[in-house]
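Take a look at the structure below.
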Amino acid sequence: MGNGGSFWLPPASSTVAGEVDSIFYFVYYASVVLFILVIGLTAFFVFRYRRRGGTRQFTSGFSHSNVMEVTWTVIPTILVFVIFFWGFNGFLKMHVAPKDALQIKVTGQKWFWSFDYPSGASSVNEIVAPVNKPVELLMSSKDVIHSFYVPDFRVKMDVLPNRYTKAWFEATETGEYNLFCTEYCGTKHSEMIGKVKILSELDYQKWLEAADFDTTIALHEMGERLYKSKACVTCHSIDGTPMNGPSFKGIWGKTEHFADGSSLTIDENYIRESILNPNAKVVAGFQPIMPTYQGILKDRHIDAIIAYLKTLK
Ligand code: CUA
């Protein structure tokens with residue numbers, strides 16, 4: 001996965017990463033040189049002109065030095081201008097996606113990411129994209145402010161409710177890269193972690209075809225995959241352990257009691273309602289924190305999840 005990175009920076013695996021790193025190191029080494037110069041001279045003067053013996057020596061009639069003042073004004077000014085124009089140039093490149101970019105819709109919500117592709121396919125917590133092709137991200141949030149951050153690509157952009165933001169990247173190598181939410185967004189902010197999977201163009205096309213509807217596997221197997229890939233697993237265990245939500249073990253046909261005092265035997269329509277409108281009937285003892293999967297799961301996906309839940313005896 002890219003080069004190994006350095007002490008300061010992770011591997012550089014996108015087209016803009018090299019330039020981001022260059023300007024970082026320029027600022028870094030300029031700071032190191034200035035630090036050594038200033039601290040070194042200070043230490044030298046402290047030692048050289050320390051008070052010695054009983055006699056005090058004073059430098060006579062010294063007011064200022066034009067040469068020194070011009071030097072310490074002009075050099076930092078040039079440095080600051082270089083950093084500004086270099087940085088601004090990089091900023092523009094990073095914020096305007098190439099015209100031929102593939103556009104993927106990114107949605108952040110408490111506490112996972114979902115992605116929609118031009119073909120109609122979708123994925124959760126794993127964004128899949130082709131290598132060596134610019135990918136533009138059109139991003140928005142369903143609730144609070146999140147932030148989309150892929151360190152290896154040097155891509156970071158806030159994801160806001162009620163407004164779209166954009167970012168783009170072009171990966172230079174296939175592989176898996178970490179995706180983080182880097183804006184504190186509530187209890188499970190630190191678990192709002194995903195992957196960026198970069199595939200060859202051919203593998204990407206294959207993935208797109210398979211991603212939508214896979215008719216080659218049994219419905220309950222597809223449901224099991226969705227349970228993992230759509231992040232149900234984050235809050236619902238299958239071994240009986242209560243997590244943020246009730247466990248799915250033995251859920252089918254069970255009589256469930258709800259926060260409002262009512263109760264119901266769990267059936268297909270209850271599951272469907274709970275996926276699309278999770279707060280309609282909240283199981284007693286749990287918080288109404290599940291997000292809606294409206295627009296993320298299609299009818300066939302819901303069929304598959306229902307088939308899977310029936311197998312969890
Ligand atoms: Cu989403 Cu932090």
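Listed here are the residues, each with its yes/no results for (1) outside any helix (DSSP H, G or I); (2) polar (S, T, N, Q); (3) surrounded by 13 or more Cβ atoms within 10 Å (Cβ to Cβ).
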residue: R225; (1), (2), (3): no, no, yes
residue: I238; (1), (2), (3): yes, no, yes
residue: G253; (1), (2), (3): yes, no, no
residue: G261; (1), (2), (3): yes, no, no
residue: I302; (1), (2), (3): no, no, yes
Which of the numbered conditions does E183 fail, given that it passes all the others? Conditions: (1) of a type in the set (D, E); (2) open to solvent by 30 Å² or more (accessible area, probe 1.4 Å); (3) over 22 Å from the mean Cα position of the chain (by Cα).
(3)
When T311 is evaluated against the numbered criteria (1) farther than 17 Å from L219 by Cα; (2) out of contact with any strand residue (DSSP E or B) (no Cβ under 8 Å at 6 or more places or on another chain); (3) not small (G, A, S), which criterion, by number, is the only one it fails?
(1)
For the structure I just gave you, tell me whether V74 is part of a loop (DSSP other than H, G, I, E, B) and hydrophobic (A, V, I, L, M, F, W, C).
no
Which of the residues that make up the range 119-146 are assigned to a loop (DSSP other than H, G, I, E, B) and more than 17 Å from I296 (Cβ to Cβ)?
V131, N132, K133, P134, V144, I145
Any chance the range 278-290 includes a residue that's under 29 Å from the mean Cα position of the chain (by Cα), outside the structural domain of G175 (by TED's automatic domain parsing) and touching a residue at least 60 places away in the same chain (Cβ under 8 Å)?
yes
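Okay, residues lined up against (1) of a type in the set (F, W, Y); (2) farther than 29 Å from G223 by Cα; (3) in contact with an Asp or Glu (Cβ under 8 Å, 6 or more places away or on another chain); (4) in contact (Cβ under 8 Å) with a residue 12 or more places away in the chain:
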{"residue": "D100", "(1), (2), (3), (4)": "no, yes, no, yes"}
{"residue": "Q103", "(1), (2), (3), (4)": "no, no, yes, yes"}
{"residue": "W111", "(1), (2), (3), (4)": "yes, no, yes, yes"}
{"residue": "Y117", "(1), (2), (3), (4)": "yes, no, no, yes"}
{"residue": "G120", "(1), (2), (3), (4)": "no, no, yes, yes"}
{"residue": "N125", "(1), (2), (3), (4)": "no, no, no, yes"}
{"residue": "K133", "(1), (2), (3), (4)": "no, yes, yes, yes"}
{"residue": "D152", "(1), (2), (3), (4)": "no, yes, no, yes"}
{"residue": "T172", "(1), (2), (3), (4)": "no, yes, no, yes"}
Scan the range 108-151 for residues that are within 11 Å of the chain's Cα centre (by Cα) and either more than 10 Å from the ligand (Cβ to nearest atom) or not assigned by TED's automatic domain parsing to the domain that holds L92 (or both) and report the count.
5
Being free of Cβ contacts under 8 Å to residues at least 24 places away in the same chain, among the small types (G, A, S) and either exposed (fewer than 10 other Cβ atoms within 10 Å of the Cβ) or not assigned by TED's automatic domain parsing to the domain that holds F180 (or both) is the requirement here; does G54 meet it?
yes
Within the range 1-48, track down each residue that is in contact with a helix residue (DSSP H, G or I) (Cβ under 8 Å, 6 or more places away or on another chain), assigned to a loop (DSSP other than H, G, I, E, B) and open to solvent by 60 Å² or more (accessible area, probe 1.4 Å).
M1, W8
Of all residues in the range 153-211, which are within 14 Å of the ligand (Cβ to nearest atom), assigned to a helix (DSSP H, G or I) and touching a strand residue (DSSP E or B) at 6+ places or on another chain (Cβ under 7 Å)?
H189
Taking T234 and the conditions (1) over 16 Å from the mean Cα position of the chain (by Cα); (2) open to solvent by less than 70 Å² (accessible area, probe 1.4 Å); (3) away from the ligand (no atom under 16 Å from the Cβ), which numbered condition does it fall short on, given that it satisfies the others?
(3)
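Assigned to a loop (DSSP other than H, G, I, E, B), touching a Phe, Trp or Tyr at 6+ places or on another chain (Cβ under 6 Å) and either more than 16 Å from the ligand (Cβ to nearest atom) or open to solvent by 40 Å² or more (accessible area, probe 1.4 Å) (or both) - does that describe any residue in the range 88-97? Give the derivation first.
Of all residues in the range 88-97, those assigned to a loop (DSSP other than H, G, I, E, B) come to 96-97.
Retained after the next criterion (residues that are touching a Phe, Trp or Tyr at 6+ places or on another chain (Cβ under 6 Å)): 97.
Subsequent filtering for residues that are either more than 16 Å from the ligand (Cβ to nearest atom) or open to solvent by 40 Å² or more (accessible area, probe 1.4 Å) (or both) retains 97.
Looking for residues that are assigned to a loop (DSSP other than H, G, I, E, B), touching a Phe, Trp or Tyr at 6+ places or on another chain (Cβ under 6 Å) and either more than 16 Å from the ligand (Cβ to nearest atom) or open to solvent by 40 Å² or more (accessible area, probe 1.4 Å) (or both), one finds at least one in the range 88-97, hence yes.
The values are calculated or read from the model by the stated rules, or taken from the named source; none is laboratory data. The structure presented is a predicted model; accordingly, all values stated were derived computationally and were not measured. Counting neighbours? That spans all protein chains shown, and the Cβs are built from the backbone with ideal geometry, glycine included. Ligands, DNA and RNA are stripped out before the accessible areas are found, and what is left, the full protein with its side chains, is counted by its heavy atoms. Shrake-Rupley method; radii C 1.70, N 1.55, O 1.52, S 1.80 Å.
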